[in-house]
1. Quick check on my filter: what residues within region B:107-120 are surrounded by fewer than 15 Cβ atoms within 10 Å (Cβ to Cβ) and hydrophobic (A, V, I, L, M, F, W, C)?
2. Any residue that is without any contact (Cβ under 8 Å) to a residue 40 or more places away in the chain, crowded, with 20+ Cβ neighbours inside 10 Å, away from DNA strand D (no atom under 12 Å from the Cβ) and in the same structural domain as A:Glu309 (by TED's automatic domain parsing) - is there at least one of those in region A:79-86?
3. Only one of A:Glu44, A:Glu32 is assigned to a helix (DSSP H, G or I), surrounded by fewer than 21 Cβ atoms within 10 Å (Cβ to Cβ), within 9 Å of DNA strand D (Cβ to nearest atom) and of a type in the set (Asp, Glu). Can you tell me which?
4. Out of B:Thr295, B:Thr290, which single residue is more than 15 Å from B:Asn77 (Cα to Cα) and modelled with pLDDT of 95 or more?
5. Within region A:20-29, which residues are surrounded by 18 or more Cβ atoms within 10 Å (Cβ to Cβ) and near DNA strand C (Cβ under 6 Å from one of its atoms)?
6. Within region A:8-19, how many residues are surrounded by fewer than 16 Cβ atoms within 10 Å (Cβ to Cβ) and within 7 Å of DNA strand C (Cβ to nearest atom)?
7. Before we move on, is B:Ala27 in a helix (DSSP H, G or I), in contact with a helix residue (DSSP H, G or I) (Cβ under 6 Å, 6 or more places away or on another chain) and away from DNA strand D (no atom under 13 Å from the Cβ)?
8. Among the residues of region A:284-294, are any in contact (Cβ under 8 Å) with a residue 60 or more places away in the chain and more than 14 Å from every other protein chain (Cβ to nearest Cβ)?
Protein chains: 2
Amino acid sequence: MMETRKTPTIQDVARSANVSTATVSRALSSPERVSESTRARVSEAIRVTGYTLNQAARSLRQRTAKTILVALPDIRNSFFSSILDAVEREATNRGYGVLVANLFNARAPAQRLQDYMLSNRADGLLLLDGSLDLSSLQTLVRPPNSVPLVVACEEIPNSGFHTVLTDNLSAAERATRHLIDLGHRRVAHLLGPEGNVVARDRLAGYTKALPRAGLEVQQQWLFRGNFDMESGFAAAAHFMSLSERPTAVFAANDESAIGFLSGLRQHGLTCPRDISMIGFDDLGVAAHYTPPLTTMRQPRELLGRMAAEMLIDILEDAEHRRGPMRIVLNSELIVRESTAHLPLRASG
Amino acid sequence: MMETRKTPTIQDVARSANVSTATVSRALSSPERVSESTRARVSEAIRVTGYTLNQAARSLRQRTAKTILVALPDIRNSFFSSILDAVEREATNRGYGVLVANLFNARAPAQRLQDYMLSNRADGLLLLDGSLDLSSLQTLVRPPNSVPLVVACEEIPNSGFHTVLTDNLSAAERATRHLIDLGHRRVAHLLGPEGNVVARDRLAGYTKALPRAGLEVQQQWLFRGNFDMESGFAAAAHFMSLSERPTAVFAANDESAIGFLSGLRQHGLTCPRDISMIGFDDLGVAAHYTPPLTTMRQPRELLGRMAAEMLIDILEDAEHRRGPMRIVLNSELIVRESTAHLPLRASG
DNA sequence: CGCTGTAGTGCAATCGATTACACACAATTG
DNA sequence: CAATTGTGTGTAATCGATTGCACTACAGCG
């Protein structure tokens, strides 16, 4: 057989098919420009030589890596890993690779992203973290760098970046109203991380729902949280120390809701007997928690897919002058067993 | 300022520093080979021009992508996303990018990996999935392809591949013994997916522990499972249909354990009052489940880190003739509240 | 002084694909 | 029939960095 000690190149294919390298290249990337018979010869030669494209060479010439960079605050977070999953699917379908950058505890996140993008390793950036410095992102996005960027899940205010997210404010309002509709009047909110835009919107939704029911926002019923179980767990201790305790809590996300319930359990309280709890996200575990968690389901798969679609559309359409795009997806109330009518409560 | 309409290249830097491109390149990759003063001039020129390396060009020349490919069965699975997290950390520290390939439901997984690897997009493959076809992997690993490969978490029997995993068999044995030590004599096992090596080892550990306590393996106490919550949930229904019910279950992983408990709850049974349950993995949610889950903790972060280390070590040491490496990490029993002494049970 | 060794640098080839341009030939048109 | 258009292919430049080889200058040595 062929005595190819090295990876076969397009040259080898050309030789084997008795055509020029230009023809081989064209047969690969624009088959319609090559005659039927030549195409067949090239295909056969590729088979015989076992040729595979050298992506580095193509990238160098075309200034395109066929790769997107997904930057996320924390891969371990089940919410983000679902998104990543959807993004990877869509990207793969469209022939793109997915490079991941975990920003959690990273030293200079913006710098890292910049290095990645400017070194031609990725063609576009999908940012799932709203906490980055606006000005360094703008440096990236504006000429001469002109990095294609889509922000998903989170949002960067006043940035004009393309964005895909869910209706956090209105969903939070609906979540809160769900509790109110069940008769609860003392409704607390377990906050997301300070400074986080999503957390801010969910708080805003909560804040908006209360007065509509004639209720007031009470500062001591805004529990500090951080989107993770530990912070929810800690908030439960705070809850216990309150003289006048809420009968329902709207948690900024499922993880913190679960942490909170876990903390409550330590103190002998049970959900929904002693307290109603609604979360946000509908993580996989929400349906199987004890009790199954009422929550606002975010369409994670859709969100990830649309974000990837948007970014790749931008990449493949060099003339994207259609202005900033913004897609808002709707969340859905999933009622399970962690919320109950107030009158149904046995006294604690 | 500089009227650079295009990304500055090493040529621009060379011109600005008044040296040759060769010198600039050396200043970047082997600074000790360049004089102090030149080095300073180059640094300054890089600053002035805003130069960033074109990774594609370097890859082409050096036949190195500075990237590893991580292939996993399902990113959404919290276990794998933790591993991915650790891998990403380690890779980043060592200057490598991480490309992810989600194999879940993928059409031709082996083919996809091969395409990735042979197209010079990644230098090495970190495989977190043991279900791939051995022969296609061997094609990849053996000359002339010679793709550096490390298998982690799972294992591919008789493959001779480098492997990092945990002591599944002995850990499963300890888990089972924990239940036995608590006085349980009717101990069931919620299986992992059929054909999965890890699941097989955990079953083997379970099978080994029983006779040591004078117990027999009962076929009807081996519940079908699939490492996910849904399968655990379904297994609970099967459990309920049993005439003689076990008093304790060792689940092949936490997810299925949670699904099982969730199913049990639907039937009015409570853990640990009616049944003791031990899981495997110690997912984040295990500590905050109701009840907090007793489980075998796998050192996920360590495992991910070591796997990445091993792979990158191999990549950077071309002469790795030291034979197949195999690292086995120990799992740790974490006792929480889902397991209880048999005598302490109130009758169901 | 002449010889050798070494540090520092430059020249130019190279990695493997893409693509602008040129060209040959066939088909179509006025 | 000449001119024009179109189709299919080849030649060679190009992308941007790395690196083998050659060279200079100077230090150390006998």
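The values are calculated or read from the model by the stated rules, or taken from the named source; none is laboratory data. This is a predicted model, so every value here is computed, not measured. Glycine gets a Cβ as well: all are built from the backbone with ideal geometry, and neighbour counts include every protein chain shown.
1. The answer is B:Ala108, and nothing else.
2. yes
3. After ruling out the rest, the residue left standing is A:Glu32.
4. Going through B:Thr295, B:Thr290 in turn, the sole match is B:Thr295.
5. A:Ser25, A:Arg26, A:Leu28
6. Adding up the residues that qualify gives 1.
7. No: the conditions fail for B:Ala27.
8. Of region A:284-294, the ones in contact (Cβ under 8 Å) with a residue 60 or more places away in the chain are A:284-285, A:294.
Filter once more, keeping what is more than 14 Å from every other protein chain (Cβ to nearest Cβ): A:294.
Yes: region A:284-294 contains one or more residues that are in contact (Cβ under 8 Å) with a residue 60 or more places away in the chain and more than 14 Å from every other protein chain (Cβ to nearest Cβ).
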